[in-house]
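J.: Would you mind keeping the following structure in view while I ask a few things?
No lab work stands behind these numbers, since they all come straight from the coordinates. Since we're looking at a predicted model, the values are computed, not measured. A quick note on method: Cβ atoms are made from the backbone with ideal geometry, for glycine too, and the neighbour counts reach across all protein chains shown.
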Amino acid sequence: MITPAIVAVLLAPLVFLQTAAPLAPLHAVRGNTLRVDLPGVSSIQVQRDFRYAGSHRFILRGVADAEQHAFAAMDATGAIERFYWFQFESLLPAAKGSYDYSKDTPLTIAGLPWHGHLRRYTAPPEPDGDQAALYKLFAAKGWRPPLPALRARLVYLPNPDRRDELMIIYAEATAAATQPTAKESAELLQRAQAGLRLVR
């Protein structure tokens, strides 16, 4: 996920550069299995009650190559109750620095080091951000994302230079708009991991 600190180090003309031609996704999905092919993870399996929303790949804020895949569980009206958002992201060669999740909570999942962070969505996403891009996949299906929603972000940095990442976000519709309690956070992390199977 791109942070303002990473954006600031780039030359101004590059900050909001968008590619003219669409980029083809590099990671395939078969059924509810997403090919990952990163060190330590070959694929990720998502529970069968989630439906695949699709994928796309784009240049995020002129800084990174981003590829998104999404799975969601909806009610009968198309309102999303839960979703998984997978994002493969790599900083472009012109981008300085690296990804920094030192303030997140360290986690071990499937024997690999991850960084965890929890928050609640209480407002629509920024129009030029990756969350807004993800919601376009839902809109194309006629599915409505939840608001407010409680979300858990899990990030895996597969390489020592920390310029590539796999981000997994799990979110659930909620009635409350306040910050999650410690108990809510712990339970959400458990549900986020329970709905996935990481294949080495």
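J.: Find out how many positive minus negative residues lie around residue 64, taking Lys and Arg as positive, Asp and Glu as negative, among other residues whose Cβ is under 15 Å from that of residue 64. Mind dumping the intermediate values first?
T.: On the way: positive: 57, 61, 96, 162, 163; negative: 65, 67, 89, 100, 128, 130, 161, 164, 165.
Taking every other residue near residue 64 into account, the sum is -4.
J.: Something else: Which net charge results for the neighbourhood of residue 184, defined as the other residues with beta-carbon distances under 14 angstrom from its beta-carbon, given Lys and Arg at +1 and Asp and Glu at -1?
T.: On the way: positive: 119, 120, 151, 183, 191; negative: 172, 187.
Every neighbour counted, the sum reads +3.
J.: Next up: What ranking of 143, 85 emerges when the number of other C-beta atoms within 10 Å of each C-beta is taken as an exposure proxy, fewest first? Show your work: numbers first, answer last.
T.: Numbers: 143 20, 85 23.
The most exposed by this proxy come first: 143, 85.
J.: If the reach is capped at under 13 angstrom between alpha carbons, list the aspartates and glutamates near residue 96, excluding any in the same chain fewer than eight residues apart.
T.: 161, 164
J.: To continue, here is another question. Based on DSSP H runs of at least 4 residues, each adding -39500 (n - 2.57), what is the mean residue ellipticity at 222 nm of the chain after dividing by all its residues, to the nearest 500 deg cm²/dmol? Please report the intermediate quantities before stating the final value.
T.: Numbers: 3 runs with 30 residues, N = 200.
It comes out at -4500 deg cm²/dmol, rounded to the nearest 500.
J.: Which whole-angstrom value gives the distance between the alpha carbon centres of region 43-98 and region 105-181?
T.: So the separation of the two Cα centres works out to 9 Å.
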